[in-house]
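To start, the structure itself, in structure tokens.
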Amino acid sequence: MISLTAKDVARIVGGELVHVDPEARVYKPAEFDSRKVTEGSIFLALPGARVDGHDFIEQAVASGATLALAARDVGQPAVVVTPLGKQDSNADAFAHDPDGSGAAVLEALGKLARYLVDALSAKNLHVIGVTGSAGKTSTKDMMATLLRTDGPTVAPKGSFNNEIGHPYTVLQCTEETKYLVAEMSARGVGHIAHLAQIAPPTIGAVLNVGTAHLGEFGSREIIAKAKGELVEALPAAEDGGVAVLNADDAYVAGMAPRTRAKVVYFSTDASNTDADYRATDIVEDDMARASFTLHVPTGETFPIKLQVFGAHQVANALAAVAVAVEAGIAPAQVAAALNDHVAASERRMDVQELPSGVIVINDSYNANPDSMRAGIDALARSSRARRHATSWAVLGQMGELGEAAVAEHEALAEYLAQRGIGRLVAVGESANVRALADKAGELGLNTSMVRDTEAAAEFVAANLGPADVVLVKASYADGMWRVADALVAAAQDNADGESEEEK
């Protein structure tokens with residue numbers, strides 16, 4: 001954040017100053033959790049499912065916030081904006097916002113973020129956008145690692161990629177920031193275009209068009225329309241615009257005519273010699289970590305050994321490399337940084353070997369058909385490499401698939417059988433989980449259905465062998481990380497107990 005006066009903030013967002021010295025200074029980023037406010041920050045008074053941020057403005061100011069962005073005067077220092085009315089949107093940010101108070105605060109936040117981007121872009125800031133149905137967060141983390149070798153870089157924590165998280169991340173930038181990596185999600189057409197207006201990207205990468213949020217969009221064609229808004233937002237090639245597209249995904253490769261930017265392609269298909277950035281000689285080790293030969297447009301090649309898990313990470317790595325090299329970083333510098341990269345966001349292909357010898361693959365942050373298959377591939381690979389290992393798929397439901405939900409869960413059961421997974425623990429009591437369990441049982445897969453995450457953790461812990469491999473995965477709402485956390489905690493408690501006995 002750059003230093004602004006309260007009257008500057010009011011002017012930028014079009015709000016009214018109340019109960020605050022116009023010359024009071026804001027010099028720290030915005031915060032929507034009053035417990036995390038720091039001296040000189042802005043507090044965002046947002047409505048939620050259970051609480052309204054307006055009720056916490058006094059607490060935030062007492063903790064050091066200079067002022068709040070609010071939609072009504074509550075007798076505390078604030079810039080007050082006018083509620084916008086109920087929004088016709090399926091975005092989570094507006095789910096508990098009947099009068100548009102939250103929408104007004106978010107609009108003000110977006111204006112403030114855009115002001116900051118414009119001010120910093122005139123100096124040294126470069127904005128990178130990344131979107132796709134799967135892999136955004138892992139790729140964003142890789143991009144940040146590579147770009148940091150060339151200058152201070154801001155990237156969202158976890159998956160801060162929507163109407164709240166995107167401008168919130170922008171305001172973390174300072175005058176020293178050289179790169180902003182903006183992860184962009186969408187639940188409908190127009191969402192990415194809106195995010196791109198807040199922080200206009202110069203380089204944009206589209207990873208894939210899958211079936212995540214299929215129930216929201218209706219078809220992959222509409223998903224492609226929405227994801228392609230990123231490349232439409234890029235400047236022309238002569239102004240530095242670069243679109244990084246996945247040559248292996250026809251929907252993504254087909255976005256090229258929609259942009260004025262320079263287009264470069266990446267591919268994991270060794271035979272695709274036309275791709276600008278590609279991987280050949282791909283192999284996986286016993287923990288499903290990929291090694292490959294990286295090819296870049298200069299004609300140079302580099303040996304890469306990824307420290308993150310899953311074959312799908314090769315495509316993510318190529319997208320990150322393309323962004324960094326197109327940003328002007330030397331390929332050798334990029335390759336060296338990629339070899340050192342480790343996972344930065346929790347609960348995404350987080351692989352832990354427990355003291356008992358069990359491997360837990362915690363990929364519980366979210367799930368869609370594409371990421372489920374990638375996780376199952378990693379599970380199959382890891383378990384095959386261990387003698388006497390049983391592979392456990394501890395799975396909840398995939399959300400937001402609409403009318404395709406039951407069919408997609410049945411298809412997931414078929415994929416488990418095809419990949420030779422030993423046991424399925426289906427967690428929950430929904431129709432989707434029932435469809436997964438029933439189909440798996442029909443296919444002869446050893447299947448257990450449990451009511452919740454607590455029961456799943458108890459069941460798996462009681463039946464694990466010392467060489468077994470466990471994948472834990474579902475959509476975010478299922479909270480499946482509780483299973484992984486419980487398995488890790490139980491194993492550590494057992495190890496600590498054995499150590500005490502030895503003493």
Residue ID - modelled with the lowest pLDDT, chosen from residues in the stretch 88-106 that are of a type outside the set (S, T, N, Q), farther than 20 Å from P156 by Cβ and open to solvent by 40 Å² or more (accessible area, probe 1.4 Å)
A95
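When only residues in the stretch 382-439 that are of a type in the set (A, V, I, L, M) and part of a loop (DSSP other than H, G, I, E, B) count, which is modelled with the highest pLDDT?
Applying the first criterion (of a type in the set (A, V, I, L, M)) to the stretch 382-439 yields 385, 389, 393-395, 398, 401, 404-407, 411-413, 416-417, 421, 424-427, 431, 433, 435-437.
Then keep just the ones that are part of a loop (DSSP other than H, G, I, E, B); that gives 385, 389, 398, 401, 421.
Numbers: A385: 85, A389: 92, M398: 94, L401: 89, I421: 97.
Checking each candidate, the answer is I421.
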Being of a type in the set (K, R) and closer than 16 Å to V470 by Cα is the filter; apply it to the stretch 401-453 and report the residue that is surrounded by the fewest Cβ atoms within 10 Å (Cβ to Cβ).
R419
Tell me, which residue of the stretch 440-453 that is part of a helix (DSSP H, G or I) and touching a helix residue (DSSP H, G or I) at 6+ places or on another chain (Cβ under 7 Å) is nearest to W392 (Cα to Cα)?
A440
From the list A60, A65, exactly one residue is hydrophobic (A, V, I, L, M, F, W, C), within 17 Å of F32 (Cβ to Cβ), in a loop (DSSP other than H, G, I, E, B) and open to solvent by less than 20 Å² (accessible area, probe 1.4 Å). Which is it?
A65
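β-branched (V, I, T) and either within 30 Å of A233 (Cβ to Cβ) or in a loop (DSSP other than H, G, I, E, B) (or both): which single residue out of V283, V321, V360 fits that description?
Selected residue: V321, the only one of V283, V321, V360 that is β-branched (V, I, T) and either within 30 Å of A233 (Cβ to Cβ) or in a loop (DSSP other than H, G, I, E, B) (or both).
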Candidate set: the stretch 258-276, residues that are among the β-branched types (V, I, T) and more than 19 Å from E238 (Cα to Cα); chosen: the one modelled with the highest pLDDT:
T268
Could you list, in sequence order, the residues of the stretch 295-315 that are within 18 Å of S345 (Cβ to Cβ), open to solvent by less than 50 Å² (accessible area, probe 1.4 Å) and of a type outside the set (A, V, I, L, M)?
F309, G310, Q313
Within the stretch 184-196, how many residues turn out to be open to solvent by 10 Å² or more (accessible area, probe 1.4 Å) and either among the acidic types (D, E) or closer than 25 Å to R148 by Cβ (or both)?
1
For residues in the stretch 142-183 being surrounded by fewer than 18 Cβ atoms within 10 Å (Cβ to Cβ) and out of contact with any Asp or Glu (no Cβ under 9 Å at 6 or more places or on another chain), which is nearest to H312 (Cα to Cα)?
K157
State yes or no: is Q307 assigned to a strand (DSSP E or B), of a type outside the set (D, E), under 30 Å from T149 (Cα atoms) and modelled with pLDDT under 95?
no
Taking the stretch 277-295 and the residues there that are small (G, A, S) and out of contact with any Lys or Arg (no Cβ under 7 Å at 6 or more places or on another chain), the one that is modelled with the lowest pLDDT would be A290
Can you tell me which of (1) closer than 21 Å to A186 by Cβ; (2) in contact (Cβ under 8 Å) with a residue 40 or more places away in the chain is the one A103 doesn't meet?
(2)
Between a residue in the stretch 459-480 that is in contact (Cβ under 8 Å) with a residue 24 or more places away in the chain and over 21 Å from E353 (Cβ atoms) and any residue that is of a type in the set (D, E) and crowded, with 16+ Cβ neighbours inside 10 Å, which pairs come within a Cβ distance under 8 Å, given they are 6 or more apart or on different chains?
S475/E400
Within the stretch 320-378, track down each residue that is among the acidic types (D, E) and open to solvent by 30 Å² or more (accessible area, probe 1.4 Å).
E326, D340, E346, D350, E353, D370, D377
Those residues of the stretch 211-244 that are aliphatic (A, V, I, L, M), farther than 15 Å from M184 by Cα and not in a helix (DSSP H, G or I) come to a total of 2
Any idea which residue in the stretch 469-481 is modelled with the highest pLDDT, counting only those that are open to solvent by 10 Å² or more (accessible area, probe 1.4 Å) and under 24 Å from R381 (Cα atoms)?
W481
Say we look at the stretch 1-55 and pick out the residues that are outside any helix (DSSP H, G or I) and among the polar types (S, T, N, Q); which of these is nearest to P167 (Cα to Cα)?
S41
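Condition test on A205, is it in a helix (DSSP H, G or I), within 18 Å of the chain's Cα centre (by Cα) and touching a residue at least 60 places away in the same chain (Cβ under 8 Å)?
no
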Here the residues within the stretch 107-126 that are surrounded by 23 or more Cβ atoms within 10 Å (Cβ to Cβ) and either at pLDDT below 95 or farther than 21 Å from L44 by Cα (or both) are L125
Which pairs have Cβ atoms under 8 Å, sit 6 or more apart or on different chains, and link a residue in the stretch 295-315 that is at positive phi to one that is surrounded by 13 or more Cβ atoms within 10 Å (Cβ to Cβ) and among the acidic types (D, E)?
G310/D377
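The values are calculated or read from the model by the stated rules, or taken from the named source; none is laboratory data. Model, not experiment: these values are computed from the prediction. Every residue, glycine among them, receives a Cβ derived from its backbone with ideal geometry; neighbour counts consider all protein chains shown. These area figures cover heavy atoms from the full protein model, side chains too; ligands, DNA and RNA do not enter into them. Shrake-Rupley method; radii C 1.70, N 1.55, O 1.52, S 1.80 Å.
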